[in-house]
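Peer 1: Structure below; questions to follow.
The values are calculated or read from the model by the stated rules, or taken from the named source; none is laboratory data. Remember, predicted model here, so these are calculated numbers, not experimental data. Note that we place each Cβ from the backbone using ideal geometry, even for glycine, and neighbour counts take in every protein chain shown.
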Amino acid sequence: MKIATWNVNSIKARLEPALAWLKQAQPDVVCLQEIKTVDENFPREPFEALGYNCAVHGQKSYNGVAILSKSPLEDVTPRLPGGDDSDDHARYLEAVITGKKGIVRVASIYAPNGNPWPGPKFDYKLAWLERLRLHAKKLLKAEEPVVLMGDYNIIPEDKDAARPKAWVKDALFQPESRTALRRIENLGYTDAFRALHPGPGHYTFWDYFGSWERNNGIRIDHVLLSPQAGDRLQACGIDSHVRGDSEKPSDHVPVWVELKI
DNA sequence: ATGGCTAGGCCCCCTAGA
């Protein structure tokens with residue numbers, strides 16, 4: 001089963017490139033982030049025409065996550081547990097998908113950016129990541145294949161940035177942010193891309209200010225696998241060509257895993 | 001410390017992204 005994640009930076013603005021990529025990459029499941037629309041306005045029809053079921057958890061203007069799947073989506077659950085009424089950001093959507101060899105639980109994750117650092121937005125980022133850690137811990141108890149994938153807004157190590165020094169005052173690169181990600185991994189989750197590609201120079205985001213042309217990127221979109229999913233990992237890749245394939249690309253590119261499920 | 005660019009909104013300038 002091929003499972004992908006992509007922060008599209010508005011699903012309406014990215015509709016044509018998204019359809020083109022789906023036809024070419026043929027993923028079975030896709031987690032989308034920053035769809036930037038309410039559920040009612042998500043363009044379901046063109047995705048359904050390609051054979052995908054759609055689960056959507058959106059909001060007006062900002063954030064918003066979705067999961068597309070060729071097989072039916074079951075046990076669809078929006079929102080990360082542990083939030084109070086003040087947290088109305090649409091950043092988490094979970095579902096169960098059945099493959100030929102069993103089930104997989106997949107979450108589409110859009111973690112807070114956290115800038116400017118320091119400040120209340122950074123505090124919110126760390127609190128949200130702690131909620132994610134607690135939920136990730138709970139998910140391990142079922143001993144199922146779990147895939148927690150999306151835009152974590154965290155640069156895990158120096159080698160995940162072309163110019164690490166440029167990020168030292170940024171929320172994405174703070175030790176607290178990196179520790180928060182490592183704490184989730186320490187529960188027993190594997191960074192799928194790192195497990196198969198240990199070297200530097202692999203990025204998932206380039207800003208719109210000429211960074212793509214200079215390959216001044218960062219790796220902030222991650223695929224975390226539970227032990228049962230990690231045992232089934234066959235391949236992982238970054239579709240960086242997507243950045244150059246269209247006139248109006250997202251600032252993120254898709255990341256995918258192939259699992260024996 | 002900030003701008004560069006992109007997107008959405010409600011509407012010509014703001015917020016937010018990373």
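Peer 1: Within the set of pairs 6 or more residues apart or between chains, which connect a residue that is closer than 17 Å to A:LEU224 by Cα inside the range A:118-137 to a residue that is of a type outside the set (A, V, I, L, M, F, W, C) and within 14 Å of DNA strand B (Cβ to nearest atom) with Cβ atoms less than 7 Å apart?
Peer 2: From residues that are closer than 17 Å to A:LEU224 by Cα, the pairs are A:TRP128/A:PRO112.
Peer 1: Moving to a separate point now. Identify, from the list A:THR204, A:THR179, the residue that is more than 21 Å from A:LEU32 (Cα to Cα) and of a type in the set (S, T, N, Q).
Peer 2: On the way: A:THR204 fails: more than 21 Å from A:LEU32 (Cα to Cα).
Sole residue among the options that is more than 21 Å from A:LEU32 (Cα to Cα) and of a type in the set (S, T, N, Q): A:THR179.
Peer 1: Suppose we filter A:LYS159, A:LYS121 for residues that are touching a Gly at 6+ places or on another chain (Cβ under 6 Å) and more than 18 Å from A:ILE184 (Cβ to Cβ); which single one remains?
Peer 2: Of A:LYS159, A:LYS121, the one residue that is touching a Gly at 6+ places or on another chain (Cβ under 6 Å) and more than 18 Å from A:ILE184 (Cβ to Cβ) is A:LYS121.
Peer 1: Could I ask something else about it? Given the condition of a type in the set (Ser, Thr, Tyr) and surrounded by fewer than 19 Cβ atoms within 10 Å (Cβ to Cβ), answer yes or no: does some residue in the range A:164-186 qualify?
Peer 2: Checking the range A:164-186: at least one residue is of a type in the set (Ser, Thr, Tyr) and surrounded by fewer than 19 Cβ atoms within 10 Å (Cβ to Cβ).
Peer 1: Condition first: outside any helix (DSSP H, G or I), within 11 Å of DNA strand B (Cβ to nearest atom) and within 18 Å of the chain's Cα centre (by Cα). Can you find one or more residues in the range A:132-151 that meet it?
Peer 2: The answer is yes; a qualifying residue exists.
Peer 1: Out of the residues in the range A:68-79 meeting the condition of being surrounded by 20 or more Cβ atoms within 10 Å (Cβ to Cβ) and not polar (S, T, N, Q), tell me which one is nearest to DNA strand B (Cβ to nearest atom). Walk me through it before giving the result.
Peer 2: Restricting attention to the range A:68-79, the residues satisfying the condition of being surrounded by 20 or more Cβ atoms within 10 Å (Cβ to Cβ) are A:68-69, A:73.
Narrowing the set further to residues that are not polar (S, T, N, Q) leaves A:68, A:73.
Details: A:LEU68: 18, A:LEU73: 24 Å.
Within the range A:68-79, the match that is nearest to DNA strand B (Cβ to nearest atom) is A:LEU68.
Peer 1: If we only count strands (runs of 3 or more DSSP E) wholly inside the range A:35-83, which ones have 3 or more residues that are under 19 Å from A:THR98 (Cα atoms), at pLDDT 95 or above and out of contact with any Leu (no Cβ under 9 Å at 6 or more places or on another chain)?
Peer 2: On the way: elements: A:53-57, A:65-69, A:73-78.
Once the strands (runs of 3 or more DSSP E) in the range A:35-83 are filtered for at least 3 residues that are under 19 Å from A:THR98 (Cα atoms), at pLDDT 95 or above and out of contact with any Leu (no Cβ under 9 Å at 6 or more places or on another chain), what remains is A:73-78.
Peer 1: While we're on this one: Among (1) modelled with pLDDT under 95; (2) closer than 19 Å to A:GLU94 by Cα, where does A:MET149 come up short?
Peer 2: Every condition holds for A:MET149 apart from (1).
Peer 1: Could you please let me know if A:PRO156 is under 28 Å from A:ILE218 (Cβ atoms), assigned to a loop (DSSP other than H, G, I, E, B), without any contact (Cβ under 8 Å) to a residue 12 or more places away in the chain and not basic (Lys, Arg)?
Peer 2: Judged against the criteria, A:PRO156 is not a match.
Peer 1: Taking the range A:14-42, which residues are surrounded by fewer than 16 Cβ atoms within 10 Å (Cβ to Cβ) and not basic (Lys, Arg)?
Peer 2: Taking the range A:14-42 and keeping what is surrounded by fewer than 16 Cβ atoms within 10 Å (Cβ to Cβ), we get A:15-16, A:19-20, A:23-24, A:26, A:38, A:40-41.
A:LEU15, A:GLU16, A:LEU19, A:ALA20, A:GLN24, A:GLN26, A:VAL38, A:GLU40, A:ASN41 - these are the residues of the range A:14-42 that are surrounded by fewer than 16 Cβ atoms within 10 Å (Cβ to Cβ) and not basic (Lys, Arg).
Peer 1: When residues of the range A:88-121 are filtered for being within 16 Å of DNA strand B (Cβ to nearest atom) and either in contact with a Leu (Cβ under 8 Å, 6 or more places away or on another chain) or within 23 Å of A:ASP170 (Cβ to Cβ) (or both), how many remain? Walk me through it before giving the result.
Peer 2: Within the range A:88-121, the subset within 16 Å of DNA strand B (Cβ to nearest atom) is A:88-92, A:108-121.
Those still in the list that are either in contact with a Leu (Cβ under 8 Å, 6 or more places away or on another chain) or within 23 Å of A:ASP170 (Cβ to Cβ) (or both) too: A:89, A:91-92, A:108-121.
Adding up the residues that qualify gives 17.
Peer 1: Could you list, ordered by first residue, the pairs with Cβ atoms under 7 Å in which the first is in the range A:8-20 and under 15 Å from A:VAL253 (Cβ atoms) and the second is among the polar types (S, T, N, Q) and surrounded by 14 or more Cβ atoms within 10 Å (Cβ to Cβ), at least 6 apart or interchain?
Peer 2: A:VAL8/A:SER250; A:ASN9/A:SER250; A:ARG14/A:SER250; A:PRO17/A:SER246
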